[in-house]
Amino acid sequence: MGKDMQMTTEEMCGPIWVFAEQEEGRIQDVSLQLVGKARTLADELNTIVEVILLGDRIKDQVQSLFAAGSDRVYLGDAPILAWYQPEIYTKIIVSLAEEKKPEIVLIGSTYTGRELAPMVAARLKTGLTAHCIDLSINENRIMEQWIPAYGGLISIICPKDRPQMATVARGVFPRPPLDESRQGEVVLLDVPAEFEGRIQTLQVVRRNPETVPLESAAIVIAGGIGAGSEEGWRQIADLAQTLRAALGCTRPVVDEGWAGHETMIGQSGKMVSPELYIGIGLSGELQHLIGVVNAKVMVAINKDVKAPVFEQVDFGIVEDCRTFLPLLIEKINAYRSRHAGA
């Protein structure tokens, strides 16, 4: 068990909780990232990290949570929990929170988390900050929840109601190094054999992505409204295909209907951490670039030499993308032909 479990009650505030999201019995990366961040926050507050893990036949996943920094895991392990069920998941978490009084609750900003977090917050009558890009503890031992707004960053606090709640997307925080020697306490939860909810997940049907998933791609091409038209957008998509890259976009592209919301990068979209990021025809507003985390090399292509994106990247190309991209694709293909089999 972690050393923090040896603290006296007088020394500790309430625990910091993380909801560990699992998919087909495997814990999602964002949950391990949040456990690592929770560990840092807990050390500042002189408290412990506790995790709620709900699923079916998932006992073998508990050790990874201890290794990431958790001290205690509340485990609900039953067939009814195999798939995410909004009402029963909410009921279990709320009942436990009312009993254990956590100081902070962190949930991944995933499809599941974006539904679950507000349901839990509403029933606990507390606040919730969504899509945070950082979390810190201030001088009053209150969690500051940082979000992009008004062209910069603002912090939101919840000074009175508890727990303090936030959702954070995958990739905002690094995955912590796993210490397999760490041990902790497992508390088994009583789970009803049946639950008559208004909505139940009966089956999950997966669709294989047509392109490389944004979150795991080594190369990410992001296009903006500077594409000019759907034809211009297709040129950006052609470059992504040529480079075997994932294709993302900014909100105006989604608003125009050139791409789906699932490809949007930024504050209300996905977080990416590529080896190479190429932003094409986009201005570089914070709402988009906040979604590009720890990219190794960043390149921008924009005809406006004063575009803010040029202040954020390693290399800039001042050119109309509709003129430049066909030439670039041609050069890439020619290079590959010359070096084929070399």
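The values are calculated or read from the model by the stated rules, or taken from the named source; none is laboratory data. Computed from a predicted model, the values in this text were never measured in an experiment. Cβ: placed from backbone, ideal geometry, glycine included. Neighbour counts: every protein chain shown. Surface accessibility is based on the protein's heavy atoms, side chains included, excluding ligands, DNA and RNA. Shrake-Rupley method; radii C 1.70, N 1.55, O 1.52, S 1.80 Å.
Dividing the radius of gyration of the alpha carbons in segment 113-203 by their Kirkwood radius gives 1.05 for Rg/Rh.
Would you please name the trypsin sites (Lys or Arg not before Pro) within segment 95-189 that are DSSP coil residues with at most 16 other C-beta atoms within 10 Å of their C-beta? Please list the in-between numbers first.
On the way: sites: Lys100, Arg114, Arg123, Lys125, Arg141, Lys160, Arg170, Arg182; in loops: Lys125, Arg141, Lys160, Arg170, Arg182.
When the trypsin sites (Lys or Arg not before Pro) of segment 95-189 are filtered for loop state and at most 16 Cβ neighbours within 10 Å, Lys125, Arg141, Lys160 remain.
Each 5 Å bin, from zero up to the one with the longest distance, holds this percent of the alpha carbon pairs of segment 231-342: 2, 12, 20, 25, 21, 12, 5, 2, 1.
Only helices reaching 30 angstrom along their own axis (Cα) with mean Kyte-Doolittle hydropathy no lower than 0.5 count here, and not one DSSP H run of the chain does. For trypsin sites (Lys or Arg not before Pro), the sites in segment 286-322 that DSSP calls loop and that have at most 14 other Cβ atoms within 10 Å are Lys296, Lys306.
Probing with 1.4 Å while keeping every protein chain in the model, the per residue accessible area of segment 35-80 equals 29 Å². Using C-alpha pairs below 8 Å separated by at least 6 residues, the relative contact order for segment 113-237 is 18 percent. Only protein atoms count toward the accessible area here, which uses a 1.4 Å probe; on the chain, the carbon and sulfur part of that area reaches 50 percent.
Let me spell out the model: positive unit charges on the Cβ of Lys and Arg, negative unit charges on the Cβ of Asp and Glu, origin at the Cα centre of segment 4-131. What dipole size does that give, in debye rounded to 20?
That gives a dipole near 280 debye.
Suppose all protein chains stay in the model; what accessible area per residue would a 1.4 Å probe give for segment 301-342, in Å²? Walk me through the intermediate numbers first.
Working: 3100 Å² over 42 residues.
On a per-residue basis, 74 Å².
Rounded to two decimals, what is the ratio between the C-alpha radius of gyration of the chain and 2.2 N^0.38 Å? The partial results should precede the final answer.
Working: Rg = 22.4 Å, N = 342, 2.2 N^0.38 = 20.2 Å.
The chain yields a ratio of 1.11.
Contact order for the chain, expressed relative to its length and based on alpha carbon pairs under 8 Å spaced 6+ residues apart, stands at 14 percent.
For the chain, the longest piece that avoids every one of the GluC sites (Glu not before Pro) found in DSSP loops with at most 16 other C-beta atoms within 10 Å covers 25-138.
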